[in-house]
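Accompanying notes for the structure given below.
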Amino acid sequence: MAVAIRGARGGGSGGVGAGFRSFFSYRIFVSAMFSLLFIATATVLLTTRPSTTHQHSQRFRSGGNAYMHRTFVALNSDPLKTRLDLIYRQANDHITLVKAYAAYARKLKLDISRQLKMFDDLAKNFSDITSKPRYKSSLFETDGNLDEDVLRQFEKEVKDRVKFARLLIAESKENYDNQLKIQKLKDTIFAVRELLGKAKKNGAFASSIAAKSIPKSLHCLAMRLVEERISHPEKYKEDLPKSEFEDPDLYHYAIFSDNVIAVSVVVRSVVKNAEEHWKHVFHVVTDRMNLAAMKVWFKMRPVEGGAHVEVRALEDYKFMNSAYVPVLREIESAKQRFYLEHKMENATKDGSNMKFRYLEHMSMLNHLRFYLPEMYPKLHKILFLDDDVVVQKDLTGLWKIDLSGKVNGAVETCFGSFHRFSQYLNFSHPLIRERFNPKACAWAYGMNIFDLDAWRREKCTETYHNWQNLNVDRALWKSGTLPPGLITFYSLTKSLDKSWHVLGLGYNPSISMDVINNAAVIHYNGNMKPWLDIAMNQYKNLWTKYVDNDMEFLQTCNFGV
């Protein structure tokens, strides 16, 4: 019995130690073979062209541009030099790779060496217990009865070592158990994804807040303009309407915004790139709160070249009332519901946020684009521009494009399966599924040439009203003006060349500068507007160069451009 116990302990110790030593010897052997193979290859290369050894070692240390220059020179002189360059480059890459693996191997060697010593010591400790004279004479070499007290002490020491062995094995197990490694990696990946998802949500929320808030400088500018109007009322008397505002032979633009500096940039960029300035007429519509500031700006800073600017308030259009406009009815109804829910404390935080977002998308300045024929009854064509665009070329060619009887001229945004109707409309609803093709290509709002005569003929505003009334519960689309636009002008949109309108400067940092420079209109759609601190620096100068920096109030308000 004693011999059996002693043999089991000794055999276990020898097996563990032998396994570690054979594993470690194998790793050293593999590393040595790779090193010898590399040295042999390098020796052959160096002995083949000894005169160029110093030259090419300098080439390894030289910069990328110098290396490329010498490579092209080699192409023109001797093809074998180019071949040699490639061989040296490949060898240098593998030197780096081998060094990286060597560093990791050294770390593994140290870790394994430490573990090997601990396991050897632990196995030795197990064997040494049976070699103690007290236990040896009283338990393993006696022919009489065993001493219970000695056996109890022996059992305690063995259990203490077993407990320590289990802890050590549990800590080391993941280094040898592939399934445990895989599971730990999966858990880590899952945790990182959770953190990434939360970070994205928080980032999107913070970006949305930054995009919708009014910068201090922009607020200051509006206040200064209003103060100027109050201080000098005689300078800002209402002008009589100009005949140019209704002249269909001129080039008319519609800009709906409450942002003074943004509108001024759009107007300046159009005029600076136009040839006959006096033929361009800008119809600016804002809300009552920003009307005075907008008028004072264009009074103090008249557009160069004799271009014409009409500034009006949304409230000036008397047909814009809740009896005629479905969105106004929805806004009034939503405000009443929100007030009642808030008063009754039944609205959750998320619900409140959703309601505010919905009301924002329902802003009448956004939906005013669906009433262009009624706003400008004497015009035949009009170019709609968002306030976050910059014009880089003469746009008069848009009025010469034959829309082939269509109402809307726009740039399509679909590629592959992206930006199709299915992304904007609810095709699980029978009304949508029966009327529209889910694979139909979407187009961009922000620069649209509208044939107002065709609009009146096709009764597009009436179509828009019908669909808005059907979408009171938001079952057909969620929010925004693009989905109802896609519906209203379905099969009535003419696709324009993509160079007319390039989008994404407010969210996509990867747009090619060649594409941007070739575009007639660039659009900062997205949260990173060029007048905000979160704007992308690589695109911001394309907007700031049209800012009127000579305007005194911009300097007073420290407008950061």
> Which percent of the accessible area of region 518-561 is formed by carbon and sulfur heavy atoms (probe 1.4 angstrom)?
Replying inline: 39 percent
> For region 216-327, which whole-number percentage of the solvent-accessible area (1.4 Å probe, protein heavy atoms only) is attributable to carbon and sulfur atoms?
Replying inline: 52 percent
> Can you tell me the accessible area per residue over region 277-325, all protein chains present, probe 1.4 angstrom, in square angstrom?
Replying inline: 43 Å²
> How large is the dipole of region 124-166 about the Cα centre if only Lys and Arg carry +1 and Asp and Glu carry -1, each at its Cβ, rounded to the nearest 20 debye?
Replying inline: 380 debye
> Considering only protein heavy atoms and a 1.4 Å probe, what is the carbon-and-sulfur percentage of the accessible area of region 420-512?
Replying inline: 48 percent
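Would you mind getting the accessible area per residue of region 366-409, heavy atoms of the protein chains only, 1.4 Å probe, in Å²?
Numbers: 1360 Å² over 44 residues.
For region 366-409, the per-residue accessible area is 31 Å².
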> Could you name the aspartates and glutamates in cross-link range of residue 529, using Cα to Cα under 13 Å and dropping any fewer than eight places away on the same chain?
Replying inline: 386, 387, 388
>> With a 1.4 Å probe and all protein chains left in place, how much accessible area per residue does region 459-554 have, in Å²?
In response: 44 Å²
>> Give me a comma-separated list of calculated 3J(HN,Hα) values for region 534-546, in order, Karplus coefficients 6.51, -1.76, 1.60 applied at θ = phi - 60°, integers in Hz, x for any Gly or Pro.
In response: 8, 5, 7, 4, 5, 10, 5, 5, 5, 8, 5, 5, 9
>> Just to verify a number: FRET efficiency for residue 479 and residue 512, C-beta to C-beta distance, R0 = 51 Å, to 0.05?
In response: 0.95
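The values are calculated or read from the model by the stated rules, or taken from the named source; none is laboratory data. A quick note: this is a predicted structure, and the numbers were derived from the prediction, not measured. All Cβ positions, glycine included, derive from the backbone under ideal geometry; neighbour counts span all protein chains shown. The protein model used for the area step is the full one, side chains on, heavy atoms only, and it has no ligands, DNA or RNA in it. Shrake-Rupley method; radii C 1.70, N 1.55, O 1.52, S 1.80 Å.
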